[in-house]
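Note sheet for the following structure.
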Amino acid sequence: MTPVITLDGPGGSGKGTIARLLAERLGWHLLDSGALYRLTALAARRAGVDLDDARAVAEVARNLPVRFEPAKGGGTRILLDGEEVGAELRTEACGADASRVAALPEVREALLERQRAFRRPPGLVADGRDMGTVVFPDAPLKVYLTASLEERARRRYNQLKEQGVSANIHSLLQELADRDERDAKREVAPLRPAEDAVVLDSTELGIDEVLQRILDLARERNLA
Ligand code: DC
C-alpha cells in the first residue's frame, strides 16, 4: 500500500507550507484538500448555486473541471475551467465559503474518492482537516499541527502583507476563530486529531523545526 502522511489542523497552523516542503523533501505527491473545498465553493458561486443547497453544491463538487499543474517556479498552478484561480482561492471570502460547503455531508462524500485518488506511489502528503480521521484512516503517520489563535492570525497577516494584500489583524483573528468554530463543531468529519495522531504545537517552533520533527517521525516509521 502506498504510504500517506496526513497533516491536519486549523487554518494558519502552517500545515500548507509544511505539507508542500515535506512532499518536496520526500519526492511524494501532495494533496491540498482545502483547495478542493475552496474550488467547490468558488465554482458554485460562479454557477449561481445557493451554497446551502447541499445536493446542488455536491453536484458541482463531483464535476469540478479542475487541473493541477506544476508551476514554473515550484508549487502548483490550479486551473478551474482552464483559468488560473490560485489567488482567488486564497482569499478569506473563499475560505469562509469553503468552510460553509465543507459542513455539507453530501459535498464531503462527493470529494472523498477524488481525494483518495491522489494516493499514488511513491507516497502522499495529505493536508486538511479530516485526512487522518476519515479520508486516510490507515495512514502510517498522522500529524495534527496546531498553534495558538494569536500566532496563526499573525502568520496569516504576514503572509497577506507579503502578497501585497492589506489586512487587519483583529478581523483576521475573528475570521480564523469563526472558521475554527464552524470546522470543529460540524457534525460530519469535524476538525479534531485522530486518536493515533502525533500532536505538534508550532506556536514556538519555526518551519524548519516542524519539518525536521515530522521527517524524524517518518524515519522512525521507516517511511523515508
Ligand atoms: O485548509 P484551507 O484553509 O484551505 O481549508 C478551507 C476550508 O475547507 C476550511 O475552513 C475547512 C474546509 N476543509 C475541510 O473541511 N476538510 C478538509 N480536509 C480541508 C478543508
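Computed from the coordinates by the stated procedures, all read-outs in this text should not be read as laboratory data. All of these numbers come straight from a predicted model, not from anything done at the bench. We place every Cβ from the backbone using ideal geometry, glycine too, and count neighbours over all the protein chains shown.
Once C-alpha pairs closer than 8 Å and six or more residues apart are averaged by separation and normalised to the residue number of the stretch 1-86, the relative contact order reads 15 percent. Each peptide in 90-101, 46-57 gets a packing score, the mean of other Cβ atoms within 10 Å over its residues, and the list from highest to lowest is 90-101, 46-57. DSSP finds beta bridges in the stretch 1-157, and of those with both partners inside it, around 35 percent are antiparallel. Using the empirical formula 2.2 N^0.38 Å as the baseline, the Cα radius of gyration of the stretch 112-224 reaches a ratio of 1.20.
When the Gaussian network model of the chain links Cα atoms closer than 10 Å, the mean-square fluctuations of Leu30, Leu173, Leu191 top out at Leu173.
The percentage of C-alpha pairs in the stretch 56-171 whose separation is greater than 25 Å is 35%.
When you restrict to C-alpha pairs under 8 Å that are six or more residues apart and normalise by the size of the stretch 125-224, the relative contact order lands at 40 percent. Here the stretch 22-121 is treated as a sphere whose radius is the Kirkwood value from Cα pairs; by Stokes-Einstein at 37 °C and 0.692 mPa s it diffuses with a coefficient of 235 µm²/s.
The percentage of C-alpha pairs in the chain whose separation is greater than 33 Å is 10%. So which residue, out of Gly14, Gly34, Gly164, gets the largest mean-square fluctuation from a GNM of the chain using Cα contacts under 10 Å as springs? Looking only at Gly14, Gly34, Gly164, the biggest GNM fluctuation is shown by Gly164. Given R0 = 35 Å, the distance between the Cβ atoms of Ala56 and Gln212 translates into a calculated FRET efficiency of 0.20. Counted as membrane-span-like here are DSSP H helices of the chain whose alpha-carbon atoms extend 18 Å or more along the helix's own axis and whose Kyte-Doolittle mean is -1.0 or above; these are 33-46, 207-220. Comparing Leu149, Leu79, Leu89, which has the greatest mean-square fluctuation in the GNM of the chain with Cα pairs linked when under 10 Å apart? Evaluated over the chain, the most mobile residue of the options is Leu79.
Here r is the Cβ-Cβ distance between Glu195 and Arg114 and R0 is 25 Å; the resulting FRET efficiency, rounded to 0.05, is 0.45.
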